[in-house]
Structure formats: C-alpha cells, structure tokens
Amino acid sequence: NGRRIVALTVDHGLRRESREEALYVAGLMADWGIEHHLLVWEGEKPSGDIEARAREARYSLMAGWCLKNGVKTLAVGHHMQDQAETFLMRLCRGSGVYGLSAMLPVTECWGITLVRPQLEQQPEDLRNLLQQLGVAWKEDLSNQSEDFFRTRIRHYLPELEKRTGLTRERLAETAA
C-alpha cells in the first residue's frame, strides 16, 4: 500500500554465531528486495542481568534508528508464547494488574509507535510459514540456556499445561 518497509536486525555480539545469523537475515532481505540495516550493540557487555540489558540495548538501537530516519512505526516479532512467558515472569516478580497485562499490541514509546502484530500467533505456526517459504529457521542457542529466567519459564510451560491445564493460550488471553 505504498509504505516503505525496512528490516532491522540487532547483533548483540553476545554469541559467536550472532554475526553470521544477522548476515543471514540481511541476505534474505536482499533476496526479497527489502531494505535492511544491521545494528550492532557496541562496547563492553554487562556481566549481570544480561536479558534486561540486551533488551534495553535492542530497543534503544532500533528506536534510535527509527527516529533518525523518520520511521514512525516499529513492528517487532513477539508471539503468543512470548506473551505467556512475559505474563509468568511478571507474576513471579509480583507485578500488579498493569504489569500482568504483559506486552501491549500497540504502544507509544521512545517517540515511535511500537506494534506487535503476531501476539496471537503460535511460534510453531510462524516456523511452519517460514518452512513453506523455504526459509531456514535460525535458533538462538541462548534460548535453550537455563541461565536465563525466560528460558526457565519457557521450559516450564509444557509441564504447567500438563499438570494444571493452564495453556500458553490462556496465559496470553489473561494478559490481554
């Protein structure tokens, strides 16, 4: 519909493979004729609270690029499982009702509109779509590391559903 579409990839530089993965995305975008920019988190990395610091760096880099380049809307790829995980993480930390609403589909922050169009999508559906398009899935190996709170929550979700019937769908609906 005449809008300019730009893809941004953030290389946090936290894993040896991250640069290669970011370049893979850049190649895909080139193949599809989509403008792409690789943003790199420069400088020394923190030794603690890496999840929060990486998130801050990622949004700072992306929002900064958008503001500098006149882009008013930033769409990110959070999906239903991300929403369920965020809800449980905030519940564990004692958030109130506002915090338990987890990620909003549309929010104004950093001087831009942040949209999350895939919050109702299952991650498996997104992987299947990529497979149908012939796009190889790249898994961030830190998503398997029990060092991170979100990963521990992610690994617990199937057990929670099995033992209580509390699904990620229900968690995401509750957050909404």
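The values are calculated or read from the model by the stated rules, or taken from the named source; none is laboratory data. Computed from a predicted model, the values in this text were never measured in an experiment. Cβ coordinates were reconstructed from backbone atoms using ideal geometry, including for glycine residues, and neighbour counts include every protein chain displayed. These area figures cover heavy atoms from the full protein model, side chains too; ligands, DNA and RNA do not enter into them. Shrake-Rupley method; radii C 1.70, N 1.55, O 1.52, S 1.80 Å.
For the stretch 7-154, what proportion of DSSP beta bridges, expressed in % and rounded to the nearest 5, is antiparallel?
The answer is about 35 percent antiparallel.
Round to the nearest 10 and report in Å² the accessible area of residue 41, as given by a 1.4 Å probe over the protein chains' heavy atoms.
Accessible area of residue 41: about 40 Å².
Over the chain, with the other protein chains present, what is the accessible area per residue in square angstrom, probe 1.4 angstrom? The partial results should precede the final answer.
Working: 11200 Å² over 176 residues.
For the chain, the per-residue accessible area is 64 Å².
Once amide H atoms are built 1.01 Å from N in the peptide plane, which residues 5 or more positions from residue 74, or in another chain, come under 5 Å H to H?
113, 114, 115
Return a whole-number percent for the relative contact order of the stretch 77-176, with Cα pairs under 8 Å and 6 or more residues apart as the contact set. Intermediate results must be reported in sequence, preceding the final value.
On the way: 96 pairs, mean separation 41.9, N = 100.
Relative contact order here is 42 percent.
Relative contact order for the chain using alpha-carbon pairs under 8 Å, separation at least 6, rounded to a whole percent?
On the way: 191 pairs, mean separation 36.2, N = 176.
RCO, the chain: 21 percent.
What is the extension gain from residue 55 to residue 37, computed as 0.36 nm multiplied by their sequence separation minus the C-alpha to C-alpha distance, in nm to one decimal? Spell out each step's value before the answer.
Details: separation 18, 0.36 × 18 = 6.48 nm, distance 1.80 nm.
Here the segment from residue 55 to residue 37 would lengthen by 4.7 nm.
Name the residues whose placed amide hydrogens come within less than 5 Å of the amide hydrogen of residue 167, ignoring near sequence neighbours (fewer than 5 apart) on the same chain.
none
Counting only protein chains, not ligands or nucleic acids, how are 36, 155 ordered by accessible area (probe 1.4 Å), most first? Write out the running numbers ahead of the final one.
Working: 36 40, 155 80 Å².
Reading off the accessible areas and sorting them downward yields 155, 36.
How many angstrom lie between the Cα centre of the stretch 49-100 and the Cα centre of the stretch 113-176?
With the stretch 49-100 and the stretch 113-176 each reduced to a Cα centre, they are spaced 15 Å.
Check residue 39: other-chain or 5+ apart residues with amide H under 5 Å from its amide H, H built from backbone geometry?
For residue 39, whose amide H was placed from the backbone, the distant partners under 5 Å are 9, 10, 11.
Once you order the gyration tensor axes a ≥ b ≥ c over the Cα atoms, which shape class does the stretch 58-106 get: rounded for a/c under 1.5, otherwise prolate or oblate by comparing a/b with b/c? All intermediate terms of the calculation are to be shown ahead of the outcome.
Details: a/c = 2.83, a/b = 2.37, b/c = 1.20.
Prolate, because a/c is 1.5 or more and a/b exceeds b/c.
For every other residue with a beta carbon closer than 11 angstrom to the beta carbon of residue 120, add +1 if it is Lys or Arg and -1 if Asp or Glu, then tell me the sum.
Net local charge, residue 120 excluded: -2.
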